[in-house]
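Each reported figure results from applying straightforward, stated rules to the coordinates on display, with no laboratory input. A quick note: this is a predicted structure, and the numbers were derived from the prediction, not measured. A quick note on method: Cβ atoms are made from the backbone with ideal geometry, for glycine too, and the neighbour counts reach across all protein chains shown.
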Amino acid sequence: MLPLQDITVVSLEQAVAAPFATRQLADLGARVIKVERPGMGDFARNYDDTVNGMSSHFVWINRSKESLALDLKQEEAKKVLEKLLSKADVFIHNLAPGAVDRLGFSAAELKEKFPQLIICSISGYGSDGPYMNKKAYDLLIQCEAGLVSVTGTEDSPSKSGISIADIAAGMYAYTGILTAIIARYKTGKGAVLEVSMLEALAEWMGYPMYYSGYGESEPKRTGASHATIYPYGPFKAGNDKLVFMGIQNEREWIHFCSKVLGNPDLAIDPRFNNNSNRVANKDSLKIIIEEVFQKMDPNEVIRLLEAEKIANARLNTVNDLIDHPQLEARNRWREVESPVGKLKALIPPVTFDEIESVMNPIPNIGEHTKEILKELGYSEREIVSLGV
């Protein structure tokens, strides 16, 4: 039996944050009913068409769900949603601020009607405060959370290359819902959860906040290097190919100088004999390291680093990740069905010894509408009258 096999999730979801959370639940066996607008569906379906005509975002976070098309401006459609919620375990939504309340499905009303229901809202800034109604897209939350101020080069701040604020909020929604499910087994009662993108990402900004709040300066933008540890980041090897490495302690530093650079005296040079001094004199140290590295092929540099157990990596492209030998060796790829045929998908990163994650198809808009309505007791004529 899958861990969440008897759990039904109803989701008014769009974009990334809520769909990311519900796909994790679906991976563990929950039945996830995704309520979409007829015809249009989740607007993330149209972000791009690179996956054989489907959106890369949508393919990533919407497998194993059932799609129910409802026009919630219609009173009869609202009755359908209410019937679903009366039987559901979890209701999650990330519509615009106040939208769910205006539809008549506020947390206060639902809690009174369905005390067993776990209700989770995801928003940009939370349900109160001066930013409550402010529009919140991933980039904008990255800016408000200070992430962009510590990401990029000294001259150019940069956002994260993935939707990190959405993902952070989705992960906290997922773990919060799991916590509420466990609590309900003990109390028999549902719960109301709230996750804001700003607060989720602010939690991930813990280190720079402590560094800035209690230190004398904020962390500097250092590109792919580390702001407070050195050497840690990219270095040019032969043919100007980059090798990434990180030294975490003095033992590694001594081995690096002696065995990799062939210069044991460098380890005790007063400019470099502890991490704080190495950070203060990193420009000089970078020149010394790269003078040695550029005489070697990148593979030779990595071989030497590996031999001394010094952390290292190549700069992979996204296609290199797809073909990564470690993912292949650990059999992480599967195929899922979709409206455009079979597509590759990574299995979830949490591996259970006796549980195989659900990898069911990616739904078309409204693909399961008639089945779900029949399950709720609607006749063919009533289904037609709903315009689905």
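Descriptive notes on the structure:
- Once backbone amide H atoms are built at 1.01 Å from N, Leu103 has no partners under 5 Å, excluding neighbours fewer than 5 places away on the same chain.
- Fewest-first ordering of Leu285, Leu2, Leu198, Leu68 by other beta carbons within 10 Å of each residue's beta carbon gives Leu2, Leu285, Leu198, Leu68.
- The range 232-315: C-alpha gyration tensor shape, a/c 1.5 cut-off, then a/b vs b/c: prolate
- Gain in span if fully extended, Ile322 to Leu242, counting 0.36 nm per residue against the direct Cα distance: 26.8 nm
- Whole-angstrom gap from the range 324-386 to the range 11-40, using each part's C-alpha centre: 11 Å
- Cα centroid separation, the range 192-238 to the range 244-312: 23 Å.
- Separation of alpha-carbon centers, the range 134-174 and the range 74-107, rounded to whole Å: 29 Å
- The chain, helix-only ellipticity at 222 nm - DSSP H runs n ≥ 4, -39,500 (n - 2.57), divided by all residues, nearest 500: -10500 deg cm²/dmol
- With all pairs of different C-alpha atoms in the average, the Kirkwood value for the hydrodynamic radius of the chain is 24.1 Å.
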